[in-house]
Amino acid sequence: MLSRADQSTSRLSRGADWWRRAVVYQIYPRSFADSDADGIGDLPGITSRVDYLAALGVDAVWLSPFYPSALADGGYDVADYRDVDPRLGTLADFDAVVTALHGVGIRIVVDIVPNHTSNLHAWFQEALAAPPGSPARDRYIFRDGGGADGSEPPTDWQSMFGGSAWEQVADGQWYLHFFAIEQPDLNWENPEVREDFVRTLRFWADRGVDGFRIDVAHMLTKDLTEPLPSKAELDALPMDGSHPVIDRDDVHDIYAQWRTVFNEYDPPRSAVAEAWVERSRRPRYASAEGLGQAFNFDLLEADFDAAQFRHIVTDNLELAARSGSSTTWVLSNHDVVRHATRYGLPAPERTAAGHPTRKHGNEWLLSGGTSPVLDREAGTRRARAAALFVLGLPGSAYLYQGEELGLHEVAELSDADRQDPTFFRSPGADMGRDGCRVPLPWHASGASLGFGANGAHLPQPDWFAALAVEREEEDPDSMLSLYRRALELRDRLQSEELFEWVKTGVDDVLRFRRADGWEVVTNFGDRAFSMDLTDAVLTSSPGGPGELPAASTVWLHREPRD
Ligand code: NOJ
């Protein structure tokens, strides 16, 4: 058994392609740990919990934005890309996080938000104070209005968060914001914008950051040649690299430049693209000349269903191979209903292309968590099985804070407590993403359950106490114990990126083989599956001898013979 110090040295020395098979733990900083009792999680809070992350066994931590922000979009409205929000700490606190994480062999990835700034960013304030046509306005996308007197928005384009994508300023011009009103889109034709982001990347890489997660990576470049198309025209255009605002081929010029910057470092800095693009176009983002890796979000939309999982795995391994990258597996993040809850709700209706017709779980959230009825136990059991399935796959796995505790989505938030702009911009239609951002329960009692010494910025429900870290640490059958064991074993069992399906003869049961005698079997069905469990090393929900119970996964390992 390696000592903690040996483990940290061996992890960090994994070299340039550490990210290919990493388990990356996403921290939503404002909801992780609050060190100064103001109800908001902060950087010293993260430092104080580094031992927890080390014991969990993750390879890297990805921090969602911790930069100065008015929180119009949970920090994705960045007012200064090279500083820390004073409520979350200082740059010295950031350095302390890096030192503490590296000290236990954990790498650090930070979020870069290049499509838009906050309206409070110095550039946007300058743009507001400057006249139309000025260089300050050219860093953003300002246009004169439509209609006879310019009082209409330039087009009928919609923001992703609902409502018009244009907002009027005092002198009558309009600016483009594809997300919240407080998130003006940058103009990536402007060389100053390009230079500034390179400066930002270097700023964090020089501070020891190992990698970057690139927000909305598919929307930076835009062809806004007049006349601008209508929304209907825009929606009808093909997504083939020539679309005016989404997934344009020329966005890759930016990433090629960033790659030269990443490669100046030793080891090269990694990057992963948040790119919601057609599957065939994802490999471009993941290429070695570009960002290197791209998120595969297919499991965020999937039911706990063998056919869907099988298709997603086959498809994504093939796609990743096309770019020479490894794939990424994501069951939850800060933008979706937690998967333990999704798996406990009835499966959503799907379009012909297989996508859910509505955001899964939204109807349940709209009802305050009463309808349809959530089967918490089934959801948790399936989440355990899905975790072992995913952690057995080649590629990297991105875990979202709290999934290792089996947290469910919080539906009990009152309208007054909600913070997410998607709730405010779509009244009555979208409850927003606050329910997966409720601060973590560390203790089973006390103010904010050990998150901090006072309340939490989003109130925790009573049932969080049973899922507190201190409770789960003592329980060998808890979700936390399962994740710890799985990560430790994965670290030992994982070698080559080999993957092969093995026939089971039953549609609901998937089995795959990895290198060196490691196999994973998941029973997605609702009846036990008879199989030889002699080589079982880990089971998500153990059953009787010789059977893999319903909704469970087993890892098998047989030492290869010489
Ligand atoms: C994607 C992020 O994950 C989400 O939280 C954010 O609202 C949008 N990008 C806009 O930055």
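The values are calculated or read from the model by the stated rules, or taken from the named source; none is laboratory data. These figures come from a predicted structure and were not determined experimentally. Cβ atoms come from the backbone with ideal geometry, glycine included; neighbour counts cover every protein chain shown. The protein model used for the area step is the full one, side chains on, heavy atoms only, and it has no ligands, DNA or RNA in it. Shrake-Rupley method; radii C 1.70, N 1.55, O 1.52, S 1.80 Å.
Observations on the model:
- The H on the amide N of Ser552, modeled in the peptide plane, is under 5 Å from the matching H of Asn523, each at least 5 residues off or on a different chain.
- Nitroxide proxy distance, nm - points 7 Å out along Cα→Cβ at Asp415 and Thr534: 6.4 nm
- Span per principal axis, largest first, for the Cα atoms of the range 296-420 (Å): 47, 33, 28
- As a fraction of the 1.4 Å probe accessible area of the range 500-562, surface on carbon and sulfur atoms comes out at 44 percent.
- Residue-normalised accessible area of the chain, expressed per residue, 1.4 Å probe, Å²: 39 Å²
- The angle between the Cα long axis of helix 91-103 and the longest principal axis of the Cα atoms of the chain comes to about 20 degrees, rounded to the nearest 10.
- Ranking of Ser280, Ser31 by solvent-accessible surface, largest first: Ser280, Ser31 (1.4 Å probe, protein heavy atoms only, all chains present).
- Potential lengthening of the chain between Ala429 and Glu470 amounts to 11.1 nm, from the contour at 0.36 nm per residue minus the alpha-carbon distance.
- Kirkwood hydrodynamic radius of the range 1-125, Cα pairs, Å: 15.3 Å
- Ser495 contributes about 50 Å² of solvent-accessible surface, heavy atoms of the protein only, 1.4 Å probe.
- Estimated inter-spin distance, Lys503 and Ala352, nm [label 7 Å along Cα→Cβ]: 3.4 nm
- Cα centroid separation - the range 294-330 against the range 420-461, whole Å: 30 Å
- Using the Cβ-Cβ distance between Arg322 and Arg376 with R0 set to 56 Å, the FRET efficiency works out to roughly 0.90.
- For the range 273-279, the Karplus equation 6.51 cos²θ - 1.76 cosθ + 1.60, evaluated at θ = phi - 60°, returns couplings of 8, 8, 10, 8, 10, 4, 3 Hz by residue, with Gly and Pro reported as x.
- Estimated FRET transfer efficiency (Asp240, Asp477; beta-carbon r; R0 45 Å; 0.05): 0.35
- Computed with a 1.4 Å probe over protein heavy atoms only, the accessible area of Glu500 comes to about 90 Å².
- Stretched out straight at 0.36 nm per residue, the stretch from Ala129 to Glu496 would grow longer than its current Cα-Cα span by 126.4 nm.
- Rg followed by Dmax, in Å, when the chain is reduced to its Cα trace: 23.5, 82
- Cα centroid separation, the range 61-99 to the range 483-562 (Å): 40 Å
- Ranking by accessible area, most exposed first, for Ser414, Ser48 with a 1.4 Å probe: Ser48, Ser414
- Taking each DSSP H run with n ≥ 4 as -39500 (n - 2.57) and averaging over every residue of the chain yields -8000 deg cm²/dmol at 222 nm.
- Coupling constants for the range 118-131 follow from the phi torsions by the Karplus curve (6.51 cos²θ - 1.76 cosθ + 1.60, θ = phi - 60°), and in residue order they are 7, 5, 8, 4, 3, 4, 6, 4, 5, 4, 5, 7, 9, x Hz; glycine and proline get x.
- Accessible heavy-atom area order of Val502, Val537, Val193, highest first, probe of 1.4 Å: Val537, Val502, Val193
- Within straight-line reach of Lys359, meaning a Cα separation under 12 Å, sit the following aspartates and glutamates at least 8 residues removed in sequence or on another chain: Glu301, Asp335, Glu349, Asp430.
- At an R0 of 30 angstrom, the distance between the Cβ atoms of Asp80 and Glu226 translates into a FRET efficiency of 0.35.
- Proximity of backbone amide H atoms, modeled 1.01 Å from N, is registered between Ser159 and Ser164, Ala165 at under 5 Å, excluding neighbours fewer than 5 places apart on the same chain.
- Note on the range 131-201: with neighbouring protein chains present and a 1.4 Å probe, carbon and sulfur make up 49 percent of its accessible heavy-atom surface.
- Along the range 512-525 the Karplus relation, 6.51 cos²θ - 1.76 cosθ + 1.60 evaluated at θ = phi - 60°, assigns HN-Hα couplings of 9, 10, 10, 6, 6, x, 9, 9, 10, 10, 10, 9, 7, x Hz to successive residues, with x for each Gly and Pro.
- Accessible area of the range 374-451 belonging to carbon and sulfur atoms, whole % at 1.4 Å probe: 50 percent
- Bridging of Lys231 to aspartates and glutamates at a Cα separation below 20 Å is possible for Asp144, Glu152, Asp156, Glu167, Asp185, Asp223, Asp240, Asp247, Glu278, once same-chain residues fewer than 8 apart are set aside.
- Taking Cα atoms only, the orientation of helix 191-206 departs from the longest principal axis of the chain by about 30 degrees.
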